[in-house]
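As structure tokens, the structure follows; a few thoughts come after it.
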Ligand code: SF4
């Protein structure tokens, strides 16, 4: 990858990070950097399965969300650089020792070339495992296509429906078109299973509703959605109203009602208290969401 300028995400900042000249917008460099890994049992039920999802949390991120709960590694880069062989070792251990259902790549985009090499290593050893591309949705379709083999599951957010908000809260210009195109790609791609996460943000619940409207009218209300109330003020949100508070019950109820009105019946709805085990069900096929890990 030496000399290849990075255009892996919609920033297309062209950093010469693989040639060793320095980081781009996201801060990622020329080695995969991992914060932590292990089996998780709090993802959506098809991802968690019985044996847990093998989450690998990558350091750095292509978005800079003011409210990020993972800022020590997403913004500040906590973690350890790994060689491709070491990354393959993490994957191997998750599959063979922990016997996870899948490898869940959390914010993988800056490291896709290394992840593919690591996945190739274990594949050549005869290890078969599905991959979850767990993402903010801020992706390029060309890149999704190029790394298709890392996307058996597309676990994508639709976070914003207005570019001004995406730019201000997450430094993600062009988010709306990028994320909607990524979701459309996953919906239409044969063999890719899609779940769309709708995290309701305080003061911006209309954007969650607008994204549900987009799904229902432009794609299908049969797409599994995961509607989440779990926003908690963190990091720079503490000094950025209205992100310095939780979502109100009224805001959240409006989104839940909109999901029902648009006819979504597949997916999961967190209770207003995300930790409350008594969860509302939207449609007959809706099942409980046992606390999503993000
Ligand atoms: S992944 Fe990082 S370095 Fe690459 S284009 Fe995006 S922000 Fe720039």
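The values are calculated or read from the model by the stated rules, or taken from the named source; none is laboratory data. The structure presented is a predicted model; accordingly, all values stated were derived computationally and were not measured. Note that each Cβ is placed from the backbone with ideal geometry, even for glycine, and that neighbours are counted across all protein chains shown.
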If a residue must be more than 17 Å from residue 62 (Cα to Cα) and in a helix (DSSP H, G or I), how many such residues does segment 130-163 contain? 5
Conditions (1) under 30 Å from residue 149 (Cβ atoms); (2) surrounded by fewer than 17 Cβ atoms within 10 Å (Cβ to Cβ): number failed by residue 245: (1)
Residues that are more than 13 Å from the ligand (Cβ to nearest atom), within 24 Å of residue 223 (Cα to Cα) and touching a strand residue (DSSP E or B) at 6+ places or on another chain (Cβ under 8 Å): does segment 20-40 have at least one? yes
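With the requirement that a residue be in a strand (DSSP E or B) and on the phi < 0 side of the Ramachandran plot, what does segment 19-40 give you?
Residues satisfying the conditions are 33, 34, 35, 36, 37, 39, 40.
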In this structure, does residue 49 turn out to be at positive phi and surrounded by fewer than 17 Cβ atoms within 10 Å (Cβ to Cβ)? yes
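Does residue 24 count as free of Cβ contacts under 8 Å to residues at least 24 places away in the same chain, surrounded by 14 or more Cβ atoms within 10 Å (Cβ to Cβ) and within 21 Å of the chain's Cα centre (by Cα)? Lay out the reasoning, then the answer.
Numbers: free of Cβ contacts under 8 Å to residues at least 24 places away in the same chain: yes; surrounded by 14 or more Cβ atoms within 10 Å (Cβ to Cβ): yes; within 21 Å of the chain's Cα centre (by Cα): yes.
Spelling it out, residue 24 is indeed free of Cβ contacts under 8 Å to residues at least 24 places away in the same chain, surrounded by 14 or more Cβ atoms within 10 Å (Cβ to Cβ) and within 21 Å of the chain's Cα centre (by Cα).
Is one or more of the residues making up segment 4-11 within 14 Å of the ligand (Cβ to nearest atom), under 29 Å from residue 163 (Cβ atoms), at pLDDT below 95 and assigned to a loop (DSSP other than H, G, I, E, B)? Outline the logic, then answer.
Restricting attention to segment 4-11, the residues satisfying the condition of being within 14 Å of the ligand (Cβ to nearest atom) are 4-11.
Those left that are additionally under 29 Å from residue 163 (Cβ atoms): 4-11.
Now drop any that are not at pLDDT below 95, which leaves 4-5.
Now restrict to residues that are assigned to a loop (DSSP other than H, G, I, E, B): 4-5.
Within segment 4-11, one or more residues are within 14 Å of the ligand (Cβ to nearest atom), under 29 Å from residue 163 (Cβ atoms), at pLDDT below 95 and assigned to a loop (DSSP other than H, G, I, E, B).
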Looking at (1) crowded, with 16+ Cβ neighbours inside 10 Å; (2) in a loop (DSSP other than H, G, I, E, B); (3) within 18 Å of the chain's Cα centre (by Cα), can you tell me which one residue 69 breaks? (1)
